[in-house]
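Enquirer: Okay, handing you the structure first.
Just so it is clear, none of the values below were taken in a lab; they were calculated from the coordinates. Quick caveat, the model's predicted, so the values are computed rather than measured. Quick reminder, even Gly has a Cβ in these numbers, built from the backbone with ideal geometry, and neighbours come from all protein chains shown.
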Amino acid sequence: MTYSGPARTAARLTRSTTLAALVVARATLIGVLVYSPYSTRSLSSAVSGDHRHGALGEADGAVGGGVTVFDDRVPAVANLDPELRGALRRAATDAAADDVEFLVNSGWRSPEYQEQLLREAVSKYGSEQEAARWVATSDTSAHVSGDAVDIGHSDATAWLSEHGAEYGLCQIYRNEPWHYELRPEAIDRGCPRMYADPTHDPRSGGAVRRDTGAGTRRAHPPHRVIQRAGHQPAAADRPRVPRSSANP
C-alpha cells in the first residue's frame, strides 16, 4: 500500500500526456483541412491560369523550367504555328547530335499575357517607349499569333545563329538573340538583316523607311503572313528577301 500514491500520480501523468498528444494531433489535422485546399488551389491557379482569381498561367502561355520544343502538352508550344514548330523540332533533333538542347523560354502567348508582360516592362524600364524595345503590344506581337519563340540557353542560340538559316529559323531583333521566327526563304537565301529592336519592325508600327548616307531605302518587307494548315499564299504574297540583305 505504500506505493499507491506514486502509482496514482504516474497514472494521472500518463493520462495528461495522452490528452495533450490528442490535442496536438487534432490541431494538426484541423490545420491540414483548413490550409491544404487553399495551397492546392493556389498551385493549380499558377499552373493553369485561373482567371477567376486574376492569375495568368500556363494556359495563357507562361512557361516553367525544362520545357522543350517537343512538349505538346504545354500551350506555349502546342499553339505555335505548325510550320515553325516543325522547323524547330528538326533543328533540335540535329542539335542534339552536338549535345545541344533547345529549351522554350516563351512561345505562344495569349493577348492577356502579352499585355501583362508589357505592363511589367513599362514598370521595369520606366517608359512605354523603352519598354517597346523589348515587348510588343498584343496587337502586334508575333508571340500572340504563334509565330515566334524565345529559345534558351546560350549554347542553343549560338547553335541557331550558325545553323538556323538551314531550317528557315532566323533571329529577328539584334537586341534579342533568343527570339526566333520562321523565314522559309532563308533556306536558300540566308536570313534577312536583323532589326535593331522591335521598334524598327513595321509590324510594331516602326518606320518603314529609313534615311541612310546613301539615300533613303525601304526597310525589310513585313514579316510572313500567318500561314495555317490548308492555306497557301499566292506567289505574289510571299516575301522576297534580296541576297544582299542576308546576314554577313
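Enquirer: Ranked highest first by average number of other Cβ atoms within 10 Å, how do 131-142, 64-75 line up? All intermediate terms of the calculation are to be shown ahead of the outcome.
Expert: Numbers: 131-142: 19.4, 64-75: 14.7.
Highest-to-lowest ranking by the protection proxy: 131-142, 64-75.
Enquirer: Under the rule a/c < 1.5 gives rounded, and otherwise a/b versus b/c splits prolate from oblate, where does region 119-159 land using the Cα gyration tensor? Present the calculation step by step, with values, prior to reporting the outcome.
Expert: Working: a/c = 3.29, a/b = 1.49, b/c = 2.21.
In terms of gyration-tensor shape, oblate.
Enquirer: For Thr93 and Thr68 in the same chain, what is the full-extension length gain: residue separation times 0.36 nm, less their Cα-Cα distance, in nm? Each step should come with its number before you reach the end.
Expert: Working: separation 25, 0.36 × 25 = 9.00 nm, distance 1.12 nm.
Length gained, Thr93 through Thr68: 7.9 nm.
Enquirer: Hey, can you rank 76-82, 95-101 by average C-beta count inside 10 Å, highest first?
Expert: On the way: 76-82: 19.4, 95-101: 12.9.
Answer by packing, highest mean first, reads 76-82, 95-101.
Enquirer: Let me ask something else about it. What residues from region 79-97 fall in the zone where the backbone N is under 19 Å from a label point 7 Å along the Cα-to-C-beta line of Asp155?
Expert: Only 89-97 pass the distance filter.
Enquirer: What nm distance separates the two modelled labels at Arg174 and Glu162, each placed 7 Å from Cα along Cα→Cβ?
Expert: It is 2.4 nm.
Enquirer: Follow-up question, since we're still on this one. Provide the gained length on full extension for the span Glu101 to Thr137, in nm with one decimal, where the gain is 0.36 nm per separating residue minus the Cα-Cα distance.
Expert: The Glu101-Thr137 span can extend by a further 10.0 nm.
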